[in-house]
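Here's the structure we're looking at; comments come further down.
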Amino acid sequence: NTDFFANREELTAQADKVLFTGMIDEFYDYCYGELEYRSLKFETEVLDMGNYQGNAVVNYTDYEVPYTRIIEHKHFEFGTQPKTVITREYPAAWEKGKEPYYPVNNDKNNALYQQYKELADKEHKVIFGGRLGGYKYYDMDKVIAAALEMCEKEL
């Protein structure tokens, strides 16, 4: 959010701590360069059937299949509607303006992240968290564990 970055000093003056879960390189205005991210593209479809795949999420790992998963939303809440909504998730290259979903953890990006982390470690009022703030891929159980550890340390 551009407003956050323009008013960073004003916002941090209003709070004892700020939890930032956005892109750490964007927070520092890309002063060392851009980290790489992977994005996603979604295609949603309403189908005239009660059930498409029987599960909320099915992952596809075959090289020949262009999408990585299909989400059938009604199965998260055990819906019984006569139609169903599915979303296909496709991998997509990230560029500014797109949503960054995953960090690209390779040697080049991890070294660049370390430079940003050194800046972050000097912050007294800003805590960096999540996949983008910590530039680390987390499964959801690990995200929750990291958030609880952060809360225990900070609170």
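The values are calculated or read from the model by the stated rules, or taken from the named source; none is laboratory data. Owing to the predicted nature of the structure, the values given are computational and were not obtained by experimental measurement. Every residue, glycine as well, gets a Cβ built from its backbone with ideal geometry; the counts of neighbours run over all protein chains shown.
To keep it simple, each residue is scored yes or no on (1) farther than 13 Å from residue 20 by Cβ; (2) at pLDDT below 90; (3) out of contact with any strand residue (DSSP E or B) (no Cβ under 8 Å at 6 or more places or on another chain); (4) of a type in the set (D, E, K, R).
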residue	(1), (2), (3), (4)
102	yes, no, no, no
106	yes, no, yes, no
115	yes, no, yes, no
121	yes, no, yes, yes
135	no, no, no, no
148	yes, no, yes, no
153	yes, yes, yes, yes
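Looking at 86, 144, which is the one that is more than 14 Å from residue 23 (Cα to Cα), modelled with pLDDT of 95 or more and either surrounded by 11 or more Cβ atoms within 10 Å (Cβ to Cβ) or not acidic (Asp, Glu) (or both)? Give the derivation first.
On the way: 144 fails: modelled with pLDDT of 95 or more.
Selected residue: 86, the only one of 86, 144 that is more than 14 Å from residue 23 (Cα to Cα), modelled with pLDDT of 95 or more and either surrounded by 11 or more Cβ atoms within 10 Å (Cβ to Cβ) or not acidic (Asp, Glu) (or both).
Can you tell me which residue in the stretch 45-57 is surrounded by the most Cβ atoms within 10 Å (Cβ to Cβ), limited to those that are touching a residue at least 24 places away in the same chain (Cβ under 8 Å) and touching a strand residue (DSSP E or B) at 6+ places or on another chain (Cβ under 8 Å)? Taking the candidates together, the pick is 52.
Selection of the stretch 76-97 for residues being assigned to a strand (DSSP E or B), in contact (Cβ under 8 Å) with a residue 40 or more places away in the chain and not acidic (Asp, Glu) yields 85, 86, 87, 88, 90, 91, 92, 93. Every test in (1) surrounded by 14 or more Cβ atoms within 10 Å (Cβ to Cβ); (2) under 20 Å from the mean Cα position of the chain (by Cα); (3) of a type outside the set (A, V, I, L, M) is passed by residue 42 save one, and that test is (1).
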